[in-house]
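Colleague: Take a look at this one; I'll ask things after.
The values are calculated or read from the model by the stated rules, or taken from the named source; none is laboratory data. In this text, all values refer to a predicted model and were calculated from it rather than measured experimentally. When we count neighbours, we look across all protein chains shown, and the Cβ atoms used for this are built from the backbone with ideal geometry, even at glycine.
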Amino acid sequence: MSTPFSDRAPAYRDRLGAVVERCLPADDHYPARLHAAMRYSVDGGKRLRALLVYAAGEVLGLPPEALDAPAAAVELIHAYSLVHDDLPAMDDDDLRRGRATTHIAYDEATAILVGDALQALAFEVLAADSATAAAPTQRLRMVALLAEAAGSRGMVGGQAVDLESEGLDLNLAELEALHIHKTGALIRACLRMACAAASAASPDQIDALDRYGKCIGLAFQIQDDILDIESNAATLGKSIGKDEAQGKSTYPSVMGLPAARERAESLFSQARAALEVFGAAAAPLLFLADLIQGRDH
Ligand code: GRG
């Protein structure tokens, strides 16, 4: 690819939007209100996880048609996690992606069902989206990878520990384990699913992308902790200062703001270094490391 990935990122976001739109039942499809609420919940967002899937695919020499299902599936899982995280029983938030959270715009029961249905849809898309060019064995591998990352040994497990830990002072190792599960696992799965779609990926390449995903995933959450203190609701599109209000341990609270920044910077450097095996072909993922590192929301 001769043009920089930054030029193609908007087209990938549009592509992802079209894939999701194709996979979501129409707003007037029975039951209409649930489908409208699902669409409402998936709309917006930076689509960073989908971009990671497409960028990793480019690095591995894959066409986007091979990656549409995993890109859409990870965004559907991510959207479900945000809807459930915002519920009164969890983070109890009324603002997400710059507008009312799903349980405020609709109601709590609908928001629970939206999350349930988005999760099921993610696996349906991976298994059966006929427009995606993937062999049955590749789809099966992607289903297993996403299920592990989203479930109790990944994101849901991290969320459970996060809720149990409110009001407790976690040490750094405990906090890191929580973040690696809650946020890191799904981000890491983006890279792992792209590898699953690439039958020619070597063990070295798979290992390099996994190390990149692990570092980016943890750095992403440390940044989130920092933005929760330093940003504002208008920029973030969600409430701020919640970690402290809920008595949550964060990187800044455990190690101080300057050390938290240094830790994130070091992880971004490690992520970039992991890509050396790809030479110039690593450019799309290097761009995303810059984009994520420089994000303000
Ligand atoms: C409720 C099962 C369940 C899981 C929740 C990921 C998560 C686990 C909760 C989200 C809480 C949160 C705000 C975590 C910080 C990291 C994060 C996932 C931020 C949101 O991701 P972005 O910035 O969001 O990529 P957009 O809206 O751009 O897609």
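Colleague: Could you check region 88-110 and list, in sequence order, the residues that are within 11 Å of the ligand (Cβ to nearest atom), touching a residue at least 60 places away in the same chain (Cβ under 8 Å) and over 14 Å from GLY44 (Cβ atoms)?
Modeller: MET90, ASP91, ASP93
Colleague: Are any residues in region 18-29 part of a helix (DSSP H, G or I) and without any contact (Cβ under 8 Å) to a residue 24 or more places away in the chain, and if so, which ones? Talk me through it step by step, then tell me what you get.
Modeller: To start, the set of residues in region 18-29 that are part of a helix (DSSP H, G or I) comprises 18-23.
If the condition is that a residue be part of a helix (DSSP H, G or I) and without any contact (Cβ under 8 Å) to a residue 24 or more places away in the chain, then ALA18, GLU21 are the ones that fit.
Colleague: Residues being among the aliphatic types (A, V, I, L, M) and either farther than 25 Å from LYS238 by Cβ or at pLDDT below 95 (or both): count how many of those fall in region 20-54.
Modeller: 2
Colleague: With the requirement that a residue be buried (at least 19 other Cβ atoms within 10 Å of the Cβ) and under 11 Å from ASP296 (Cα atoms), what does region 225-235 give you?
Modeller: Just the residues of region 225-235 that are buried (at least 19 other Cβ atoms within 10 Å of the Cβ), to begin with: 225, 228.
Of everything in region 225-235, just one residue is buried (at least 19 other Cβ atoms within 10 Å of the Cβ) and under 11 Å from ASP296 (Cα atoms), namely ASP228.
Colleague: Continuing with the same structure: Answer yes if at least one residue in region 286-294 is more than 20 Å from LEU227 (Cβ to Cβ) and in contact (Cβ under 8 Å) with a residue 60 or more places away in the chain, and no otherwise.
Modeller: So far as region 286-294 goes, yes, one or more of its residues are more than 20 Å from LEU227 (Cβ to Cβ) and in contact (Cβ under 8 Å) with a residue 60 or more places away in the chain.
Yes/no per residue for (1) within 15 Å of the ligand (Cβ to nearest atom); (2) part of a helix (DSSP H, G or I); (3) touching a helix residue (DSSP H, G or I) at 6+ places or on another chain (Cβ under 6 Å); (4) under 23 Å from LEU285 (Cα atoms):
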position	(1), (2), (3), (4)
LYS182	yes, yes, yes, yes
CYS190	yes, yes, yes, yes
CYS195	no, yes, yes, yes
ALA200	no, no, no, yes
ASP243	yes, yes, yes, no
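Colleague: Quick check on region 112-120. Is at least one of its residues touching a residue at least 12 places away in the same chain (Cβ under 8 Å), aliphatic (A, V, I, L, M), within 13 Å of the ligand (Cβ to nearest atom) and surrounded by fewer than 19 Cβ atoms within 10 Å (Cβ to Cβ)? Explain how you work it out, then say what you get.
Modeller: Our first condition is that a residue be touching a residue at least 12 places away in the same chain (Cβ under 8 Å); within region 112-120, this holds for 112-119.
Narrowing the set further to residues that are aliphatic (A, V, I, L, M) leaves 112-114, 117-118.
So of that shortlist, the ones also within 13 Å of the ligand (Cβ to nearest atom) come out as 112, 114, 118.
Then keep just the ones that are surrounded by fewer than 19 Cβ atoms within 10 Å (Cβ to Cβ); that gives 112.
Within region 112-120, one or more residues are touching a residue at least 12 places away in the same chain (Cβ under 8 Å), aliphatic (A, V, I, L, M), within 13 Å of the ligand (Cβ to nearest atom) and surrounded by fewer than 19 Cβ atoms within 10 Å (Cβ to Cβ).
Colleague: Restricting the search to region 54-87, which residues are more than 15 Å from VAL143 (Cα to Cα), more than 10 Å from the ligand (Cβ to nearest atom) and touching a helix residue (DSSP H, G or I) at 6+ places or on another chain (Cβ under 7 Å)?
Modeller: Result: TYR54, ALA55, ALA56, GLY57, GLU58, VAL59, LEU60, LEU62, PRO64.
Per-residue answers, yes or no, for (1) at pLDDT 95 or above; (2) under 14 Å from ILE77 (Cα atoms):
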{"site": "ASP169", "(1), (2)": "no, no"}
{"site": "GLU176", "(1), (2)": "yes, no"}
{"site": "ALA185", "(1), (2)": "yes, yes"}
{"site": "ALA196", "(1), (2)": "yes, no"}
{"site": "ALA200", "(1), (2)": "no, no"}
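Colleague: Another question about this same structure. List every residue pair whose Cβ atoms lie under 9 Å apart, where the two residues are 6 or more positions apart in sequence or sit on different chains, the first residue falls within region 30-46 and is at positive phi, and the second residue, located anywhere, is buried (at least 16 other Cβ atoms within 10 Å of the Cβ) and in a helix (DSSP H, G or I).
Modeller: GLY45/GLU75; GLY45/HIS78; GLY45/ALA79; GLY45/LEU82
Conditions tested, residue by residue: (1) closer than 25 Å to ASP85 by Cα; (2) part of a helix (DSSP H, G or I).
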| site | (1), (2) |
| --- | --- |
| ILE229 | yes, yes |
| LYS238 | yes, no |
| GLU262 | no, yes |
| GLN270 | no, yes |
| PHE278 | no, yes |
| ASP296 | yes, no |
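Colleague: Pairs, please: C-beta under 9 Å, at least 6 apart or cross-chain, first residue in contact (Cβ under 8 Å) with a residue 40 or more places away in the chain and in region 209-222, second of a type in the set (Asp, Glu) and part of a helix (DSSP H, G or I)?
Modeller: LEU218/GLU176; ALA219/GLU265
Colleague: Pick from region 153-170 the residues that are out of contact with any helix residue (DSSP H, G or I) (no Cβ under 6 Å at 6 or more places or on another chain) and in a loop (DSSP other than H, G, I, E, B): which of them is farthest from the ligand (Cβ to nearest atom)?
Modeller: ASP169
Colleague: Is there a residue in region 210-218 that is of a type in the set (Phe, Trp, Tyr), away from the ligand (no atom under 11 Å from the Cβ), crowded, with 18+ Cβ neighbours inside 10 Å and assigned to a helix (DSSP H, G or I)?
Modeller: As a first pass, look at region 210-218 and keep what is of a type in the set (Phe, Trp, Tyr): 212.
Remaining after also requiring away from the ligand (no atom under 11 Å from the Cβ): 212.
Narrowing the set further to residues that are crowded, with 18+ Cβ neighbours inside 10 Å leaves 212.
Still in the running and assigned to a helix (DSSP H, G or I): 212.
Yes; the residues of region 210-218 include at least one that is of a type in the set (Phe, Trp, Tyr), away from the ligand (no atom under 11 Å from the Cβ), crowded, with 18+ Cβ neighbours inside 10 Å and assigned to a helix (DSSP H, G or I).
Colleague: Looking for whichever is closer than 24 Å to ILE206 by Cβ and part of a helix (DSSP H, G or I) here; the options are ALA147, ALA173. Which one fits?
Modeller: Working: ALA173 fails: closer than 24 Å to ILE206 by Cβ.
Matching residue, one of ALA147, ALA173: ALA147.
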